[in-house]
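The values are calculated or read from the model by the stated rules, or taken from the named source; none is laboratory data. All of these numbers come straight from a predicted model, not from anything done at the bench. Here the Cβ positions follow ideal geometry from the backbone for every residue, glycine too, while neighbour counts run over all protein chains shown. Heavy atoms of the whole protein, side chains included, go into the accessibility calculation; ligands, DNA and RNA do not. Shrake-Rupley method; radii C 1.70, N 1.55, O 1.52, S 1.80 Å.
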Amino acid sequence: MSFWETDPIEHRSRYCVTLLEDARPTFDGVEHGPDEDRSLVPWSAVRVAMNAEVGEPEGVRTVVFDLVLELPAKGEDGIEVQRFDAEPGEDAQRAALLISEQVHSSGVMPSIKSAALDGITTRWYPDLISFEKDNLKEL
């Protein structure tokens, strides 16, 4: 059985996501957490940044940003990701612009660069599992 024929639970075990609570992209990085205990994921720690619009085209949707802080070593198949989301439009474009300006260009995927320029996210997925599977392929 190939990796892509595995069930969603096994897939998720290879793509470990930490959702950043109340995330706010800033010039220095992504601030997150409760107001009394905010933390920062600095842009300098981000190795790869990916995004996509997730949800129904005519329904509820959001732009999801996945930040990879450490690339897996050769032979390892797991990856740790920090995730935040933004409303499509101005909020997502602002986040994409900050990422494009602050993360090393080799780690910024084309969909983020596109969203930074014109506010249009070029990748779309109906669900997070599909988004994560493609992200694993790109890494």
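Descriptive notes on the structure:
- Within the stretch 24-38, the residues that satisfy the criterion of being closer than 16 Å to Leu98 by Cα and among the charged types (D, E, K, R) are Arg24, Asp28, Glu31.
- The set of residues from the stretch 20-50 being closer than 24 Å to Ser111 by Cβ, open to solvent by 90 Å² or more (accessible area, probe 1.4 Å) and either β-branched (Val, Ile, Thr) or not in a loop (DSSP other than H, G, I, E, B) (or both) comprises Arg24, Ser44.
- Test: Phe131 is at pLDDT below 95 and among the aromatic types (Phe, Trp, Tyr): yes
- Gly119 meets all of the listed conditions (1) surrounded by 14 or more Cβ atoms within 10 Å (Cβ to Cβ); (2) under 14 Å from the mean Cα position of the chain (by Cα) but one, namely (2).
- Cβ-Cβ under 8 Å pairs, at least 6 apart or on other chains, the stretch 83-102 side over 15 Å from Glu53 (Cα atoms), far side of a type in the set (A, V, I, L, M, F, W, C) and surrounded by fewer than 19 Cβ atoms within 10 Å (Cβ to Cβ): Leu98/Phe27; Gln102/Phe27
- Considering the conditions (1) under 14 Å from the mean Cα position of the chain (by Cα); (2) loosely packed, with under 12 Cβ neighbours inside 10 Å, Val103 is excluded by exactly one of them, (2).
- Test: Glu10 is farther than 17 Å from Asp85 by Cα, at pLDDT below 95 and part of a helix (DSSP H, G or I): yes
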